[in-house]
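These notes are about the structure you will find just below.
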Amino acid sequence: MLFSNRCKYDIGFGQPGVPEGDRVIIDTVPDKLPWLLLPHDTQCESLKFYDLSRNKVHELNLPEVLLGGVSVEVSRGWLAIAKKGQYIRDTKYSSYLSFKPIPDTEIFLFNPLSGAIHPLPSLSTLVPYYYSFVTNCIFNLGGYNVAEFIRRIELSSADPSKSIIALRFNEFEANNCGNLALCRVGDRCWSTFPRETDRDIEFGDIMFYSGDLCVLSQKIEHVETHIFKLAEDDEVRIKFIPVSTAARLPFIEAEHWGHNMATIKHALYEPYLVESINGELLIVVAHNVCYAYYDEDEDEESLDGDMDALEEERLGEGEGDFEHFFEEGDHFEPFYFKVSGFDVMEMDPNAGMMIWRSVQSLSDQLIFLTSGGRSVSVPANDLPCGIQRNCIFFLENDNYFSEVFNAYETREEVLHRRVSRESGICYLESGRIERLFPSSNRLLKCKVGWFTPTP
């Protein structure tokens, strides 16, 4: 209730002024809970944060050099701000990309409390991935959103000048598994992790843990360790961690209702990496329910065959990615995804074949989960009024694409039916889920996330 009353205008994408008394003042009172970065766009001259501990909305002005940019990631008290740069023309890869110039995207790390800014290499140094993403999006969708290209930015420490920065980025359909790049502040370009030609490692959530970069992957069976050299001969140890066994998924269920609609359970899940307050490495698995249209002219045997094929894709036994099944399948067209529950697992990243332990209770901590940055855990003692322990606060940022559109629809109209941006609280003891605010059909150019104040 406090959140809804205080933030209702910001959630509705209005731009009311924040009272002077609510403007942030760094004091000696430590923040027990992270701040929620609220939605914004390129026209904003300031960023707004909801402070759960004080029940206030803080407003912080953007410096002039960052005006026109939006936050696309949150990590260790820093925002990654993406801003449109100069137009550039691709020459080396013009055989399959457009000859027309495209805008570069500059990336900055920004601490909104101290005002410190650290520029990172621009996205155009990710050759040919950035060119391919922008030109394909423009050609197929009439526009692009850089927040959909950047999937995660992770810092190895809270001091960017001493950090290794990891970037997990998306590719336009050519490789749904995404890709990985690393750099240091001051580097001129990103160093891309080389892919093996005979296998397709998937890049899921990423997090620096005990000096190693941990990467979740669904297409491996045991922990794999790789040593990667950056441009300045720095070495990073990358550990790929399998997640298929952690999900413990039951069989897929489909419930048909109405004339041509179905609810598909246990088909999709999203794993997140979290470091607990006690230093354990946790994998939090968010389970999703899919609501989909299906071809009512198909017989029951054909639909059962679709379910069998989807089960194989989900478990990694089929070819491709199981999420593509919905987009490329003949019978199902999803229109909404809904979070239905969470599993929490503790793991030992040094055990090659994995040692899992199910965590039934978060009695001494809270978890703040987000697809827009680093997920965090905080102690559950001396919580502000209305905040309960043993909970997961979750934020969703994804804009799901739809294959069902025609040439007369704009990109926003294409995505309008498929935006399932759910955020809420899951009470682990009962499994009950409360939505903080409803899914919005507006296409966001930014990402919301949990910001940990570190002046």
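Only one of these is within 24 Å of Cys44 (Cα to Cα), small (Gly, Ala, Ser) and out of contact with any Ser or Thr (no Cβ under 6 Å at 6 or more places or on another chain): Gly68, Gly143. Name it. Step through it out loud before you land on a result.
On the way: Gly68 fails: out of contact with any Ser or Thr (no Cβ under 6 Å at 6 or more places or on another chain).
Matching residue, one of Gly68, Gly143: Gly143.
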Which one of these does Ala147 not meet: (1) modelled with pLDDT of 90 or more; (2) within 17 Å of Trp78 (Cα to Cα)? (1)
Every residue from region 221-238 that is in a loop (DSSP other than H, G, I, E, B) and surrounded by fewer than 18 Cβ atoms within 10 Å (Cβ to Cβ): Glu221, His222, Leu230, Ala231, Glu232, Asp233, Asp234
Among the residues that make up region 4-12, is at least one of them at pLDDT below 50, surrounded by fewer than 18 Cβ atoms within 10 Å (Cβ to Cβ) and in a loop (DSSP other than H, G, I, E, B)? yes
Tell me which of these Asn176 doesn't satisfy, since it passes every other one: (1) within 24 Å of Thr370 (Cβ to Cβ); (2) modelled with pLDDT under 85; (3) polar (S, T, N, Q); (4) in contact with a strand residue (DSSP E or B) (Cβ under 7 Å, 6 or more places away or on another chain). (4)
Looking at (1) of a type in the set (Asp, Glu); (2) more than 16 Å from Ile165 (Cβ to Cβ); (3) modelled with pLDDT of 85 or more, which is the only condition Asp90 fails? (3)
Mind checking which residues of region 44-77 are among the small types (Gly, Ala, Ser) and over 22 Å from Leu155 (Cα atoms)? Ser46, Ser53, Gly68
Is region 15-35 home to any residue that is outside any loop (DSSP other than H, G, I, E, B), at pLDDT 55 or above and either touching a strand residue (DSSP E or B) at 6+ places or on another chain (Cβ under 9 Å) or closer than 28 Å to Ile150 by Cβ (or both)? yes
Could you give me the residue pairs with C-beta distances under 6 Å whose first residue belongs to region 382-393 and is assigned to a loop (DSSP other than H, G, I, E, B), whose second residue is hydroxyl-bearing (Ser, Thr, Tyr) wherever it lies, and which are 6+ apart or on separate chains? Pro384/Ser53; Asn390/Ser361; Asn390/Ser363
Tell me, please, whether a residue that is in a strand (DSSP E or B), among the hydroxyl-bearing types (Ser, Thr, Tyr) and either closer than 30 Å to Tyr293 by Cα or at pLDDT 70 or above (or both) can be found in region 430-447. no
When restricted to Gly341, Gly372, the only residue touching a His at 6+ places or on another chain (Cβ under 7 Å), modelled with pLDDT of 55 or more and surrounded by 15 or more Cβ atoms within 10 Å (Cβ to Cβ) is Gly341
Please enumerate the residues belonging to region 258-286 that are in a strand (DSSP E or B), open to solvent by less than 30 Å² (accessible area, probe 1.4 Å) and of a type outside the set (A, V, I, L, M). Thr263, Tyr269, Pro271, Tyr272
Give the residue, chosen from His324, His287, His331, that is touching a Ser or Thr at 6+ places or on another chain (Cβ under 8 Å) and at pLDDT below 65. His331
Quick check on region 407-429: of everything there that is hydroxyl-bearing (Ser, Thr, Tyr) and modelled with pLDDT under 80, which residue is surrounded by the most Cβ atoms within 10 Å (Cβ to Cβ)? Ser420
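The values are calculated or read from the model by the stated rules, or taken from the named source; none is laboratory data. A quick note: this is a predicted structure, and the numbers were derived from the prediction, not measured. Neighbour counts are summed over all protein chains in view; Cβ atoms, including those assigned to glycine, are modelled from backbone coordinates with ideal geometry. All accessible areas refer to the heavy atoms of the entire protein, side chains included, with ligands and DNA or RNA removed. Shrake-Rupley method; radii C 1.70, N 1.55, O 1.52, S 1.80 Å.
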